[in-house]
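Working notes for the structure below.
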Amino acid sequence: AQTPLTVTVTGAAGQIGYALLFRIASGQLLGGGRRVKLRLLEIPAAVRAAEGTALELDDCAFPLLAGVDVFDDPKQAFEGANVALLVGARPRTKGMERGDLLAANGGIFKPQGEAINAGAAPDIKVLVVGNPANTNALIAQAHAPDVPADRFTAMTRLDHNRAIAQLARKLQVTVGQVKKLTIWGNHSATQYPDVFHAEVDGRPAAELIGDRSWLADEFIPRVAKRGAEIIEVRGASSAASAASAAIDHVHDWINGTPEGDWTSAAIVSDGSYGVPAGLISSFPVVARDGRFEIVQGLDVDEFSRQRIDASVAELQEERTAVQGLGLL
Ligand code: NAI
């Protein structure tokens, strides 16, 4: 039998953690019938709750689950990790300034980056889910100088999936018929969901939609503000859908994206599409041989350019702010 891969999950006792761990343990993250060892990281106050989840994982008798360990020390938690899902983060609380939020998250993602640098497996792949995800990924990456920069990614797959669902509903097609949708920029309200390269059964989605006002006034804000809509309706933030998107992101990274389609992920920019090199920004990407590559050569019209630039400007501001805090 193949040796199990080690997956480290932070924030394991949180609501995304609870929706995520059982799907990883069932084999859906790695695919290919790979066995998995879980290493869970929590803050000391939540270790016991994470241990409770570990008991439930036992009780599922998942054939592919090779063990679960719980830690409150990042150095131990990331030891030998092949995949790291950084879910735990400091949420913005009432009255908190952005600088305080970035500083609090620096206190989490800097030591985690150092721990990944010190002890993760050579093929480590990191997905940051905890917000502000793009900038948290940048902080972790900056403290893992021995790990190739492209192993640090942030999640915009939930936004991607939300956009596909909205578009499919509008055009009355199935989600599987929608291809080549793109989320650009930051995982925040400035993100830009781009349908101008999207296809439905090979036909341009933009033509099928017809009116630009639906795009500008309904689709884009609906996708960008979907997180707030979920909180308002469900009474709690997106959890199972975020977990599902994390499964999709890592599964595709490892196993490749389907021929004739692409997905969206926030990955380190090489300067493509005018996004300053080094920023972790969302792009249209394909995955091959365990690597994400930015889809090249797409036309970007004025409507799209303005929106991509606005989101990238926000990422630059966040980067400048964490530089000012000495976190990069
Ligand atoms: P939650 O508050 O239910 O759980 C977070 C968990 O992280 C808690 O159990 C907490 O104890 C733990 N934690 C805090 N600091 C930690 C540290 N230093 N090490 C290990 N664990 C730590 O939050 P939830 O709903 O699970 O969300 C987690 C994060 O994911 C939030 O930052 C949220 O904003 C973000 N998110 C991102 C999405 C995306 O699309 N990128 C979508 C939805 C949520």
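Before moving on, here are some points about what is shown:
- The lone criterion from (1) more than 26 Å from residue 17 (Cα to Cα); (2) in contact (Cβ under 8 Å) with a residue 12 or more places away in the chain; (3) among the small types (Gly, Ala, Ser) left unmet by residue 271 is number (2).
- Restricting the stretch 1-32 to residues that are within 22 Å of residue 119 (Cα to Cα) and hydroxyl-bearing (Ser, Thr, Tyr), the residue that is farthest from the ligand (Cβ to nearest atom): 3
- Within the stretch 72-103, tally of residues that are assigned to a loop (DSSP other than H, G, I, E, B) and either of a type in the set (Gly, Ala, Ser) or more than 12 Å from the ligand (Cβ to nearest atom) (or both): 10
- The requirement of being modelled with pLDDT of 95 or more, more than 18 Å from the chain's Cα centre (by Cα), within 17 Å of residue 222 (Cβ to Cβ) and not aromatic (Phe, Trp, Tyr) is not satisfied by residue 144.
- Positions within the stretch 52-71 being away from the ligand (no atom under 16 Å from the Cβ) and surrounded by fewer than 18 Cβ atoms within 10 Å (Cβ to Cβ), in sequence order: 55, 58, 59, 60, 61, 62, 63, 64, 66, 67
- Within the stretch 110-119, the set of residues being out of contact with any strand residue (DSSP E or B) (no Cβ under 7 Å at 6 or more places or on another chain) and either within 15 Å of the ligand (Cβ to nearest atom) or small (Gly, Ala, Ser) (or both) comprises 110, 111, 113, 114, 115, 118, 119.
- Matching entry among 39, 35 (being within 12 Å of the ligand (Cβ to nearest atom) and modelled with pLDDT of 95 or more): 39
- Of the residues 201, 159, the single one that is under 28 Å from residue 323 (Cα atoms) and either among the charged types (D, E, K, R) or outside the structural domain of residue 108 (by TED's automatic domain parsing) (or both) is 159.
- The conditions of being under 18 Å from the mean Cα position of the chain (by Cα), modelled with pLDDT of 95 or more and within 23 Å of residue 314 (Cα to Cα) are met by residue 264.
- Verdict on residue 222 being in contact (Cβ under 8 Å) with a residue 24 or more places away in the chain and either in contact with a Lys or Arg (Cβ under 6 Å, 6 or more places away or on another chain) or assigned by TED's automatic domain parsing to the domain that holds residue 20 (or both): no
- Hits in the stretch 190-221 (condition: within 23 Å of the chain's Cα centre (by Cα) and closer than 19 Å to residue 263 by Cα): 190, 191, 192, 193, 194, 195, 196, 197, 198, 219, 220
- Residue in the stretch 300-323 that is in contact with a strand residue (DSSP E or B) (Cβ under 7 Å, 6 or more places away or on another chain), surrounded by 13 or more Cβ atoms within 10 Å (Cβ to Cβ), modelled with pLDDT of 95 or more and part of a loop (DSSP other than H, G, I, E, B) present: no
- Residue that is farthest from the ligand (Cβ to nearest atom) [pool: residues in the stretch 130-181 that are among the aliphatic types (A, V, I, L, M) and in a strand (DSSP E or B)]: 178
- Residues being within 19 Å of residue 299 (Cβ to Cβ) and either surrounded by 15 or more Cβ atoms within 10 Å (Cβ to Cβ) or touching a residue at least 12 places away in the same chain (Cβ under 8 Å) (or both) - total across the stretch 203-215: 6
- Residue 49 vs. criteria within 15 Å of the ligand (Cβ to nearest atom), surrounded by fewer than 17 Cβ atoms within 10 Å (Cβ to Cβ) and either assigned to a helix (DSSP H, G or I) or at pLDDT 95 or above (or both): yes
- Scope the stretch 254-265; condition within 15 Å of the ligand (Cβ to nearest atom) and either without any contact (Cβ under 8 Å) to a residue 12 or more places away in the chain or not aliphatic (A, V, I, L, M) (or both); matching residues: 263, 264
The values are calculated or read from the model by the stated rules, or taken from the named source; none is laboratory data. No experiment lies behind these values; they were computed from the predicted model shown. Using ideal geometry, Cβ is built from the backbone for each residue, glycine included, and neighbour counts are taken over all protein chains shown.
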